[in-house]
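First up is the structure itself, then whatever we jot down about it.
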Amino acid sequence: MKSTIEELGPTRVRMAIEVPWGDLDHAFGEVYKELGKQVRVPGFRPGKVPNRVIDTRVGRPVVLEQVIQHAIPEVYSEVVRENQVRVLGQPDIEVTRLEDNDTLAFTAEVDVAPKVEVPSLDELAVTVDDVEVTDEEIDQQVTVMRERFAMLTAVERAVEDGDFVSIDLEAKLDGEVLEDGTTSGMSYEVGSGNLMEGLDDALRGLSADESATFETALLQGPNAGETAQVTVTVRSVKTKELPELDDDFASTASEFDTLEELREDVRTRLARTKVLQQGAQARDKLVEHLLESVEVPIPENLVEREIEWRNNAMQNELQQAGMDWDTFLSMSGVEGGREAYEADQRKSIEEAVRTQFILDAIADSREVTVDNDDLSAQIMAQAQRNRMAPEQYAQQLQQGGNIAEFVADVRRTKTLAQLLEQTTITDASGNVVDLEAMRPRTVQAPAESADDDDATDEAPTPAEDATDEVAADDVAAEEPAAAEAGDAKS
């Protein structure tokens, strides 16, 4: 077998492959075996029909066409492996010569990972924000705790923002009550704005057993986008009474005896959270530095495929929710419409692709490997994020054929963690930030109390914890090299 590889650009190649007839014996054997089971010839048992009879029965061109379909994917994959070509996606195949009992020749054009020149990474440095916990931030966390212990008390007055009301709703379109357009006894916090546009304005000033009608655009269902008339009736009005902020509240809401002790604990926990945020910020700034320092050509087809996949997935979600793009963009607060949305999407995908190529190149130069411990740790982390058992997540990866992609992501994460470990991190005040302080041994919600003695030595390294999402967030930039070549074009 002969093969040549021509670079058509920094991210695309054309392989010209010539296969001697003798190398097609395996493909011929498979084709004759399959056709022999299908062809019925008097005097021969199924599967025992001679090859020459099959040629006559189905026609030699049919046999050759099927041989091509069998042989090209195998030959293409072999050439990719032997030449260590890092292909991306499926190739465009064209049969250029087919001479019976002589030669099969074809070309395969395919996107490939670009060659990335890795710069010196010996003196990496980033600056992150200072860790500063303000009294206002502590007040906010304590307020959240007070909210949890608040009591709702009925009042006999008009509705105000912050009240909790029990309401009935009835929606009509052209005078007809919509299907599933009524509800009774719904609890709603006035001023939250999280139910439908116009509701808060209609409720303000109403008292129990009073009603108001307003118009609002339907956001989902078969009538999405149309304007409905909604009547809201108030059944009861309750106000939220927060507990007094004193030592009694501290002992009730936490393990502490005094309010001062509680506030100091909140301050400590907020500081720990901000230290972890420093790690994430250092990671993001390190990636920004790499993107600015390294030139990476992007395979346009890869970006287009990812955009198409995302748009199709979003379209399916919108259809299931009974929404269209305009409604979604309006609810999401996207300015500039779908054009601006897709521009932002393209930018994020391109940055993700470039980041992956850079990390792959650095991993190659440093000979970074992935062992079972690395895989197990990442499976545990991802399973926890997806709220499933590690065994279930691993099975999902295997069933989806995503093992190779997952391993590549783990390798990138490990590489970025190593880079972060060697990076000098300082805060805005010039203080060196110790990554070890980012180990997530005691990080919990500030409003909750828990024992700090539960930490173990098996927590992820700080840099790994800061980087375990960046490589897999957006797209998988590399596909297995032995991907099938698809249908040949004669």
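What longest range of the chain stays clear of loop-exposed chymotrypsin sites (Phe, Trp or Tyr not before Pro) (DSSP non-H/G/I/E/B, at most 15 other C-beta within 10 angstrom)? The reported range is 150-490. For segment 358-426, which GluC sites (Glu not before Pro) are both in a DSSP coil and crowded by at most 13 other Cβ atoms within 10 Å? Those that pass, being in a loop and sparsely packed, are Glu367. Compared with the dominant principal axis of the Cα atoms in the chain, helix 25-38 is inclined by about 80°.
In segment 327-397, which trypsin sites (Lys or Arg not before Pro) are in a loop and have at most 16 other Cβ atoms within 10 Å, using DSSP for the loop call?
On the way: sites: Arg338, Arg346, Lys347, Arg354, Arg366, Arg385, Arg387; in loops: Arg387.
Listed in order of number, the matching sites are Arg387.
Can you sort Val31, Val39 so the residue with the fewest Cβ neighbours within 10 Å comes first? Let's see the in-between values first.
Numbers: Val31 24, Val39 16.
Lowest count first: Val39, Val31.
For the chain, take N as its residue count and report Rg(C-alpha) divided by 2.2 N^0.38 Å.
On the way: Rg = 32.0 Å, N = 490, 2.2 N^0.38 = 23.2 Å.
Taking the Cα Rg and dividing by 2.2 N^0.38 Å, one obtains 1.38.
For segment 151-241, the residue among Val237, Leu178, Leu199 whose Cα projects farthest onto the positive side of the dipole built from Cβ charges is Val237. For segment 207-224, the Karplus equation 6.51 cos²θ - 1.76 cosθ + 1.60, evaluated at θ = phi - 60°, returns couplings of 10, 4, 6, 9, 10, 8, 10, 9, 9, 8, 7, 6, 9, 8, x, x, 9, 4 Hz by residue, with Gly and Pro reported as x. Give the residue list of GluC sites (Glu not before Pro) in segment 244-294 that are DSSP loop and have at most 10 other beta-carbon atoms within 10 angstrom. Qualifying residues, ordered by number: Glu244.
What's the angle, to the nearest 10 degrees (0 to 90), between helix 300-321's Cα axis and the longest principal axis of the chain? Here the helix axis deviates by roughly 50 degrees. Residues Thr413, Thr103, Thr183, Thr11 in ascending order of nearby Cβ atoms (within 10 Å, fewest first): Thr183, Thr103, Thr11, Thr413.
What relative contact order, as a whole-number percentage, does the chain give when Cα pairs under 8 Å and 6 or more residues apart are counted? Provide the component values of the computation, followed by the final result.
Working: 726 pairs, mean separation 99.3, N = 490.
Dividing the mean separation by the residue count of the chain yields 20 percent.
Compared with the direct C-alpha span, the chain from Glu215 to Arg366 gains 48.1 nm at full extension, assuming 0.36 nm per residue. Rounded to the nearest 0.05, what FRET efficiency do Thr143 and Arg387 have when you use their Cβ-Cβ distance and R0 = 25 Å? Calculated transfer efficiency: 0.35. Counted over segment 151-241 with a bin width of 5 Å, the fraction of Cα pairs per bin, in whole percents, is 3, 15, 26, 24, 15, 10, 5, 2, 0.
Ranking Val41, Gln140, Gly400 by how far each Cα lies toward the positive end of the dipole of the chain (charges on Cβ) leaves Val41 at the top.
With all pairs of separate Cα atoms included, segment 1-102 yields a Kirkwood hydrodynamic radius of 15.5 Å.
Axis of helix 372-385 versus longest Cα principal axis of the chain: the two differ by about 50°, to the nearest ten degrees. Summing Cβ point charges (Lys, Arg +1; Asp, Glu -1) relative to the Cα centre of segment 151-241 gives a dipole of roughly 280 debye. Taking the Cα centre of the chain as reference, the dipole from Cβ charges on Lys and Arg (+1) and Asp and Glu (-1) amounts to some 3160 debye.
Please compute the length gained on full extension between Val41 and Glu18, using 0.36 nm multiplied by the number of residues separating them and subtracting their Cα-Cα distance. Please report the intermediate quantities before stating the final value.
Working: separation 23, 0.36 × 23 = 8.28 nm, distance 3.50 nm.
That pair, Val41 and Glu18, stretches by 4.8 nm at full extension.
Pairs of lysines in the chain whose Cα atoms sit within less than 30 Å of one another amount to 18, provided the residues are eight or more positions apart or on different chains. Each label point was placed 7 Å from the Cα along the Cα-to-Cβ direction; for Gln396 and Val53 their separation is 5.4 nm.
Here the extension length gained between Asp373 and Glu342 equals 7.3 nm, from 0.36 nm per residue of separation less the Cα-Cα distance.
A short reminder: the numbers here are calculations on the coordinates, not readings from a lab. From a predicted model like this one, the values you see are computed outputs, not experimental measurements. Cβ atoms come from the backbone with ideal geometry, glycine included; neighbour counts cover every protein chain shown.
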